[in-house]
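First comes the structure, then the notes that go with it.
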There are 2 protein chains.
Amino acid sequence: AQISLEQDFETQRESDARFRMIMERTNEAFAIVSLRTGRVTDSNTVAASLLGMAGDDLQDAPFAPEFELRKRGDVMEALSAQAIADRPMPVQVTSRKSGTHLRIIPTMFRASGERLLMCRIEPEEGGSIIADSLS
Amino acid sequence: AQISLEQDFETQRESDARFRMIMERTNEAFAIVSLRTGRVTDSNTVAASLLGMAGDDLQDAPFAPEFELRKRGDVMEALSAQAIADRPMPVQVTSRKSGTHLRIIPTMFRASGERLLMCRIEPEEGGSIIADSLS
């Protein structure tokens, strides 16, 4: 059992290392949000910067209060609806701190029995014109 | 010990799920290469596509033979040198299958006692002119 534990620990550390490394090396903004708590479980510096925050200030923060939805409604509800939609659309929001117009592309997934949202966040000007005109 | 094992397994699965999800959701091309074997341990569809391959055909493949180095020398040596450099430069290569001019931005990291290269791969036109003119 001791050897199994050590092997598990090594495998887990390897997964963690790969995950931390890609979060750090990508130029895109990513935040993972727990649907149960509404809080950010993982985020990168690019995401914090887009939201007018420094370094890892987004980590563990409640996600929805960072945004104003550009249509009426609730941010987490809009994200959850798009995350499970057949033809998901980006959710158009404005960052409360930076005032930037942003698009959030959410995908739902499960880990440890919890539902999580993987959110890619893009500045509006970086997005496609088609998606904007359709929404 | 049983509970610990289960907890470890859950944590490991959670790390794996997050890693697989971000690899799938990013628009950037990523491949992780083992320095010991020279083979790709993880890659995404964007990376395979840039190298003229389909789906997960890059997975487990030897990495270096996919490229021609634009300067003289060995691909893995060039990547390793830049991965540990103080001021790393992108490594300029041409994909043998697709003929595309590419830049590889490598970062070295360790997992389970093994040295790995996290490689971000970009088409040349997407890169900055400054980095090209400096090299």
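Some notes on this structure:
- Proximal lysines relative to B:K97, as straight alpha-carbon distance under 25 Å, when same-chain residues fewer than 8 apart are discounted: B:K71
- The mean sequence separation of alpha-carbon pairs under 8 Å and at least six residues apart, normalised by the residue count of segment A:27-134, gives a relative contact order of 27 percent.
- For the chain pair B and A, the buried solvent-accessible surface (1.4 Å probe, both sides summed) amounts to about 3100 Å².
- Label 7 Å beyond Cα on the Cβ vector: A:T100 copy-to-copy distances, nm: 2.5
- Label 7 Å beyond Cα on the Cβ vector: A:A81 copy-to-copy distances, nm: 5.6
- Residue by residue, segment A:56-66 carries 3J(HN,Hα) couplings of 10, 5, 7, 4, 6, 6, x, 7, 4, x, 6 Hz when phi is fed to the Karplus relation 6.51 cos²θ - 1.76 cosθ + 1.60 (θ = phi - 60°); x denotes Gly or Pro.
- Distance cut-off 21 Å, percentage of C-alpha pairs in segment A:27-134 lying past it: 27 percent
- Copies compared at B:G113 - label distances in nm, ascending, label defined 7 Å from Cα in the Cβ direction: 3.4
- Test item: A:94-106 mean partner chain Cβ contacts at 10 Å: 0
- Rounded to the nearest whole Hz, the Karplus-based 3J(HN,Hα) values (6.51 cos²θ - 1.76 cosθ + 1.60, θ = phi - 60°) of segment B:17-30 follow the sequence 4, 5, 5, 4, 5, 6, 4, 7, 8, 6, 8, 8, 8, 10, with x at glycine and proline.
The values are calculated or read from the model by the stated rules, or taken from the named source; none is laboratory data. Quantities reported herein were computed from a predicted structural model and do not represent experimental measurements. Here the Cβ is made from the backbone with ideal geometry for all residues, glycine too, and neighbour counts use every protein chain on show. The area values use the complete protein model at the heavy-atom level, side chains included, leaving out ligands, DNA and RNA. Shrake-Rupley method; radii C 1.70, N 1.55, O 1.52, S 1.80 Å.
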